[in-house]
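Following: one structure in structure tokens, then a few remarks.
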Amino acid sequence: ANVVFSSKLQILGMNAFASFKGESVDFSQTAIEGLPNACFQNSSVKRVVLPPKTSVIGSACFQNCYRLTELALPSSLSRIANHAFQSSGIQKLMIPSRVSTIEDYAFSGMTGEITFASSYTSLRSVGWCFRGYLGTAITIPDSVTTVRSGAFAECTNLKYFSSPMVNAGNTSKH
């Protein structure tokens with residue numbers, strides 16, 4: 001099933017699509033400004049089109065969405081809550097330039113590529129948002145000046161790490 005919401009949708013509740021078995025959900029015509037906690041948790045959805053004014057992706061929003069491969073984050077996004085994409089199947093995720101908060105375990109269990117917009121300047125500190133990330137490469141944006149203890153722990157597949165904090169001749173190959 002494909003679900004497309006009209007502009008009449010104003011509120012989306014927690015767990016709204018938890019364990020949903022449909023193919024896709026499209027919020028592009030809505031004015032919703034955030035996806036609530038566990039909104040799609042354990043869903044088998046393959047594609048989600050976010051509302052254009054999304055500023056927050058709630059805790060565990062896409063957790064365990066193994067079949068989810070397509071998701072574009074809108075430029076309005078400013079916060080990604082803890083466990084938001086944990087163990088999701090997203091293949092490529094571009095973090096928009098306005099995101100200033102990425103909480104713990106946001107990308108844990110993900111294997112897809114995570115990149116930051118070229119104009120990215122918002123994130124100052126990396127905490128545990130990448131802890132348990134299962135992808136092979138991480139490039140930290142220029143704006144980051146602090147890496148918290150344990151930030152990249154349990155990143156067992158990590159082969160390439162790049163950051164402006166690492167000297168050009170010392171780019172770490174794990």
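The values are calculated or read from the model by the stated rules, or taken from the named source; none is laboratory data. It should be emphasised that the depicted structure is a prediction, and the values quoted were computed from it without experimental measurement. Positions of Cβ are generated from backbone atoms using ideal geometry, with glycine treated the same way; all protein chains shown enter the neighbour counts. Note: areas computed on protein heavy atoms with side chains; ligands, DNA, RNA excluded. Shrake-Rupley method; radii C 1.70, N 1.55, O 1.52, S 1.80 Å.
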For residue 73, are the conditions met, namely being in a loop (DSSP other than H, G, I, E, B), among the aliphatic types (A, V, I, L, M) and open to solvent by 20 Å² or more (accessible area, probe 1.4 Å)?
yes
Has segment 32-44 got at least one residue that is in contact with a strand residue (DSSP E or B) (Cβ under 6 Å, 6 or more places away or on another chain) and open to solvent by 40 Å² or more (accessible area, probe 1.4 Å)? no
Per the filter on segment 2-31, residues in a strand (DSSP E or B), open to solvent by 20 Å² or more (accessible area, probe 1.4 Å) and either under 19 Å from residue 77 (Cβ atoms) or of a type in the set (A, V, I, L, M, F, W, C) (or both) are 3, 4, 26
Might you check whether a residue that is within 16 Å of the chain's Cα centre (by Cα) and at positive phi occurs anywhere in segment 90-104?
no
